[in-house]
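The values are calculated or read from the model by the stated rules, or taken from the named source; none is laboratory data. Values in this document were obtained by computation on a predicted structure and should not be read as measured data. As a convention, Cβ positions derive from the backbone with ideal geometry for all residues, glycine included, and neighbour counts pool all protein chains shown. Ligands, DNA and RNA are excluded from the accessible area calculation, which covers all protein heavy atoms including side chains. Shrake-Rupley method; radii C 1.70, N 1.55, O 1.52, S 1.80 Å.
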Amino acid sequence: MKKAYSLLVLLLLLGSMRAFAADIATDYDHTTNFSQYKTYSWIKVQAGDSLWADRIQQDVDTQLAAKGWTKVAANGNASVSAVETTQNQNTLETFYDGFGGGWRWRGLGGMGMATTTTDVTKVGTVVVDVFDSQSQQLIWRGKESADLSGHSDKNAKALAKNLATLFKHFPPSK
């Protein structure tokens with residue numbers, strides 16, 4: 001019995017571990033010549049609160065500056081928008097004790113037990129859009145989603161890291 005309990009605990013721990021890597025995706029207008037863009041202005045930053053809006057804007061500004069783009073108050077070659085959302089993601093995990101249940105020889109089953117738990121994880125998503133200011137056409141979009149912890153400092157560091165990865169191949173080259 002002690003061995004079965006240890007196995008149960010081990011399986012629950014392994015099953016509840018998550019890969020904390022962010023889900024990152026980008027897309028862009030393949031006809032756009034990104035070398036013509038040197039300045040940008042912000043359209044808006046929308047987040048759950050002003051602290052996160054400031055963090056997102058600061059991290060995007062850092063990434064664009066590293067790519068040689070200059071932020072201007074208005075009338076930049078490109079316009080940038082960022083939207084952050086959070087949602088709860090439910091994960092169901094079921095453990096079968098292996099005794100009984102299911103089909104056996106001659107169709108007889110036993111008295112097995114299954115335990116299902118629900119794990120709720122808060123997921124944050126940031127979408128960054130870059131538009132051509134003159135035509136107002138979307139020219140680049142980046143999206144990152146990651147599990148959030150209960151600690152804002154960890155989340156802020158993860159945001160900076162994930163946005164750096166998001167902008168790794170920005171601006172796209174043909």
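Residues of the stretch 115-142 with an amide N closer than 14 Å to a point placed 7 Å from the Cα of Ile43 along the Cα-to-Cβ direction: 127-142. Sequence-ordered 3J(HN,Hα) estimates for the stretch 48-61 from the Karplus curve with 6.51, -1.76 and 1.60 and θ = phi - 60° stand at x, 8, 5, 5, 6, 4, 5, 5, 4, 4, 4, 5, 5, 4 Hz, glycine and proline given as x. Annotation for Val83 and Leu148: the two label points, set 7 Å from Cα along the Cα-Cβ direction, are 1.7 nm apart. Over the stretch 29-83, the reciprocal of the mean inverse Cα-Cα separation, the Kirkwood hydrodynamic radius, stands at 11.9 Å. Residues whose amide H lies under 5 Å from that of Trp42, counting only those 5 or more places away or on a different chain, are Val80; hydrogens are built 1.01 Å from N in the peptide plane. Within the accessible area of the stretch 130-174, the carbon and sulfur atoms contribute 48%, probe 1.4 Å, all protein chains present.
Listed by chain and number, the aspartates and glutamates placed with their C-alpha closer than 17 angstrom to that of Lys44 are Asp54, Asp59, Asp61, Glu84, Asp129, Asp132; residues fewer than eight positions away on the same chain are left out.
At the residue level, Val128 shows approximately 0 square angstrom of accessible surface with a 1.4 angstrom probe and all protein chains present.
Here the 3J(HN,Hα) profile of the stretch 83-92, calculated from phi with Karplus coefficients 6.51, -1.76 and 1.60 at θ = phi - 60°, is 10, 10, 10, 10, 8, 8, 10, 8, 10, 9 Hz, Gly and Pro shown as x.
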